[in-house]
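Below is one structure, written out as structure tokens; the observations come after it.
The values are calculated or read from the model by the stated rules, or taken from the named source; none is laboratory data. Being a predicted model, the structure only gives us computed values, none of them experimental. No Cβ is skipped: glycine too gets one built from the backbone with ideal geometry, and neighbour counts run over all protein chains shown. Ligands, DNA and RNA are excluded from the accessible area calculation, which covers all protein heavy atoms including side chains. Shrake-Rupley method; radii C 1.70, N 1.55, O 1.52, S 1.80 Å.
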2 protein chains.
Amino acid sequence: MPHLGKHLICEYYGCSLNILNDVALVQKGMHEAALFAGATILDERFQEFEPHGISGVVIIAESHLTVHTWPEYGYAAIDVFTCGEQIDPLDAAKFLKAFLGAEKLTVETLKRGFFSPSERSVLPHKPQMKNESHDVR
Amino acid sequence: MPHLGKHLICEYYGCSLNILNDVALVQKGMHEAALFAGATILDERFQEFEPHGISGVVIIAESHLTVHTWPEYGYAAIDVFTCGEQIDPLDAAKFLKAFLGAEKLTVETLKRGFFSPSERSVLPHKPQMKNESHDVR
């Protein structure tokens with residue numbers, strides 16, 4: 001059945017500890033992974049925690065990438081969610097395996113938003129941004 | 001086997017079209033869902049698209065919530081990813097079913113980051129923020 005989005009659940013084990021706890025490096029890796037896959041970056045936010053751990057998101061026109069790192073385990077949980085047929089999220093996932101120096105990567109592929117052909121619209125989805133990001137905080 | 005994170009893949013069908021294409025309402029719903037589940041909100045970013053569709057993320061101390069809406073299908077793809085035992089992500093998922101007026105919600109529960117007991121650290125994860133969010137763009 002047709003679906004609207006492709007969502008990769010990526011688990012990176014045995015990563016470089018130096019990278020996993022360096023917010024600038026993690027952001028650089030996520031940013032470059034999005035570009036490597038051909039995505040259009042709209043916004044990105046990263047957060048560092050004490051004593052360790054980083055969370056971050058890259059909002060792309062095609063949906064998003066997120067990351068959470070557990071340096072104490074050498075582990076990163078990364079999602080790559082894309083819609084449309086223009087980019088392959090697996091390109092970003094593989095890029096990040098190399099970037100993080102991960103010994104092991106597992107990927108689970110989820111299909112999001114199932115509709116029967118009769119329900120499909122001919123409208124293109126998200127062809128352009130309407131305006132800049134909102135932030136009410 | 002012990003795991004580090006709990007990730008709900010939530011599919012909302014038959015939602016209120018008026019809500020799905022109103023960025024302020026979608027942001028309000030995601031914000032309130034995070035609070036309803038007892039999460040600590042650190043940052044949030046929402047993006048509206050032409051002619052329709054909204055993407056957004058709420059970064060919480062416990063991980064994240066993301067949303068992508070397809071108003072033309074009455075559909076929203078929402079993720080609720082949490083670590084720790086303090087909050088139940090299903091509370092946020094159920095809150096959003098009511099908020100979006102969804103006729104149907106399907107939830108797939110993923111466990112993220114598996115480690116054997118011997119690999120577990122006694123360090124608490126992300127007990128506090130280190131500093132404010134970064135944005136290099």
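The rows are residues; the columns are (1) at pLDDT below 95; (2) facing another protein chain (nearest Cβ under 7 Å); (3) out of contact with any Lys or Arg (no Cβ under 6 Å at 6 or more places or on another chain).
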{"site": "A:His68", "(1), (2), (3)": "no, yes, yes"}
{"site": "A:Tyr75", "(1), (2), (3)": "no, yes, yes"}
{"site": "A:Ile78", "(1), (2), (3)": "no, no, yes"}
{"site": "A:Gly84", "(1), (2), (3)": "yes, no, yes"}
{"site": "A:Arg112", "(1), (2), (3)": "no, yes, yes"}
{"site": "A:Phe115", "(1), (2), (3)": "yes, yes, yes"}
{"site": "A:Lys130", "(1), (2), (3)": "yes, yes, yes"}
{"site": "A:His134", "(1), (2), (3)": "yes, yes, yes"}
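Residues that are open to solvent by less than 50 Å² (accessible area, probe 1.4 Å), free of Cβ contacts under 8 Å to residues at least 40 places away in the same chain and more than 24 Å from A:Phe49 (Cβ to Cβ): find the strands (runs of 3 or more DSSP E) completely inside region B:3-110 holding 2 or more of those.
Working: elements: B:3-13, B:41-50, B:54-60, B:63-70, B:75-83.
Correct list: B:41-50, B:54-60.
Quick one: is B:Phe99 touching a helix residue (DSSP H, G or I) at 6+ places or on another chain (Cβ under 7 Å) and either among the hydrophobic types (A, V, I, L, M, F, W, C) or facing chain A (nearest Cβ under 10 Å) (or both)?
yes
Run down A:Phe99, A:Phe49 and say which single residue is over 23 Å from B:Pro2 (Cβ atoms) and not charged (D, E, K, R).
Only one candidate qualifies: A:Phe99.
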